[in-house]
1. So which of Gly61, Gly35, Gly70 is within 16 Å of the ligand (Cβ to nearest atom) and either closer than 26 Å to Gly219 by Cα or not β-branched (Val, Ile, Thr) (or both)?
2. Within 16 Å of the ligand (Cβ to nearest atom) and touching a residue at least 40 places away in the same chain (Cβ under 8 Å) - does that describe any residue in segment 149-159?
3. Residues in segment 29-44 that are among the small types (Gly, Ala, Ser) and assigned to a helix (DSSP H, G or I): how many?
4. Would you point out which residue out of Ile26, Ile47 is touching a helix residue (DSSP H, G or I) at 6+ places or on another chain (Cβ under 8 Å), away from the ligand (no atom under 16 Å from the Cβ), β-branched (Val, Ile, Thr) and in a helix (DSSP H, G or I)?
5. Looking only at residues in segment 172-214 that are without any contact (Cβ under 8 Å) to a residue 60 or more places away in the chain, within 16 Å of the ligand (Cβ to nearest atom) and of a type in the set (A, V, I, L, M, F, W, C), which one is nearest to Ala143 (Cα to Cα)?
6. Are any of the residues in segment 221-237 over 18 Å from Cys124 (Cβ atoms), within 14 Å of the ligand (Cβ to nearest atom) and crowded, with 19+ Cβ neighbours inside 10 Å?
7. Check every one of the helices (runs of 4 or more DSSP H) wholly within segment 77-194 and list those with 1 or more residues that are within 15 Å of the chain's Cα centre (by Cα) and within 18 Å of Cys64 (Cβ to Cβ).
Amino acid sequence: MARRKYVVGNWKMNGLSAAIADAQAIFAAAKDHPGVDVALCPPFTLIGGMVAAAPGAAVGGQDCHSAASGAFTGSVSALMLADAGATLVIVGHSERREGCGESDADIRAKAEAGLAAGLSVILCVGEPREVRESGGAIDYVLAQVAQSVPDDFDATRLSIAYEPIWAIGTGLVPTVADVAAMHGAIRGALTARFGGKADDMRLLYGGSVNGDNAAELLGAGDVDGALVGGASLTAAKFVPIVAATAALG
Ligand code: PGA
C-alpha cells in the first residue's frame, strides 16, 4: 500500500484561544493539497475548540499518560484526548524524554495506550549532538526504536518521527544523505522485526523544517512527511511546507 504523505504541526506550549483562527486558516489551505494528510497538535486546552472550529480536521495531543484514568495530577489520558475529538497523539518527543525524564518503556506504554484508544500515534526518536558527532547516531536511534515501538499495532496508525535533538528549534538540519541513511536504517530495523507491515508505517523527519528546506528534506529516501514545530504556528509558515510536500507527488 502506498504511504500517504503526512505533515504534522507540533505547537508545543504555544497558543491561546485566538490561535484557533490560525488553525482554521491552515486546515482550509490544506484542502488545496488533498494528497497530503495534515494534522495539528496544539496544547491540550485548544483541542476541543480546534475540533469544533475545523470539523473533520486531524487534531492531536502532544503527549498522553499510559493509564486510562487515575490519580495522576496534571496528566491527560489517551482516552481523554479521543473524547475531546483528537485523532492522534505524539509520544516520546525529546522535550519530554529529556525534560520529563521519560524512558523508552514509558513511551512504549504511552504508544500502546494511544493505539488502544483508537488514536494514531507519532512516536519520536532522535540523537543528541554529541552522539551524532561521535558517529553513533544510527545505533542510538535504532535502540530507541527497538525499545519504544510496541509489538502489536495497526501499521497505518503508528508513525515514527526521526528528530535529531540538535536540529530542533536551532535552524540546523542534517544533510539529506544523513536523513536518508537514518530513515533507511529505521525502515530496515522495522522490516526485520515486523516484516512487510513495516512498509505501511510512515517515517517523518522533524527538526527545523521550513518552507525553504522541506522539498529537499522530504524528498530524501524513506521520508514520508514532517513533524514541524516553530514553522507550524501560522498558515504563512506552515502551508508552504504542505505545498512543497504535495509537489513531491
Ligand atoms: P522545530 O521543532 O520544527 O521548531 O525544530 C520540531 C519538533 O520539535 O517537533
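The values are calculated or read from the model by the stated rules, or taken from the named source; none is laboratory data. The model shown is predicted, which means the values in this text are computed figures rather than measured ones. Cβ atoms come from the backbone with ideal geometry, glycine included; neighbour counts cover every protein chain shown.
1. On the way: Gly35 fails: within 16 Å of the ligand (Cβ to nearest atom); Gly70 fails: within 16 Å of the ligand (Cβ to nearest atom).
Of Gly61, Gly35, Gly70, the one residue that is within 16 Å of the ligand (Cβ to nearest atom) and either closer than 26 Å to Gly219 by Cα or not β-branched (Val, Ile, Thr) (or both) is Gly61.
2. Let us first name the residues in segment 149-159 that are within 16 Å of the ligand (Cβ to nearest atom), namely 159.
Remaining after also requiring touching a residue at least 40 places away in the same chain (Cβ under 8 Å): 159.
Yes: one or more hits.
3. Taking segment 29-44 first, the residues among the small types (Gly, Ala, Ser) are 29-30, 35, 39.
Going one step further and asking which of them are assigned to a helix (DSSP H, G or I), we end up with 29-30.
Of the residues in that region, 2 qualify.
4. On the way: Ile26 fails: away from the ligand (no atom under 16 Å from the Cβ).
The match here is Ile47.
5. Among them, the one singled out is Met182.
6. Narrowing segment 221-237 to residues over 18 Å from Cys124 (Cβ atoms): 221, 233-237.
Okay, now just the ones that are also within 14 Å of the ligand (Cβ to nearest atom), so 233-234, 237.
Those still in the list that are crowded, with 19+ Cβ neighbours inside 10 Å too: 233.
There is at least one residue in segment 221-237 that is over 18 Å from Cys124 (Cβ atoms), within 14 Å of the ligand (Cβ to nearest atom) and crowded, with 19+ Cβ neighbours inside 10 Å.
7. Output list reads 94-99, 104-116, 137-148.
Okay, residues lined up against (1) more than 23 Å from Leu40 (Cβ to Cβ); (2) modelled with pLDDT of 95 or more:
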site: His65; (1), (2): no, yes
site: Ala68; (1), (2): yes, yes
site: Ala86; (1), (2): no, yes
site: Arg96; (1), (2): no, yes
site: Gly99; (1), (2): no, no
site: Arg108; (1), (2): yes, yes
site: Gln147; (1), (2): yes, yes
site: Arg157; (1), (2): no, yes
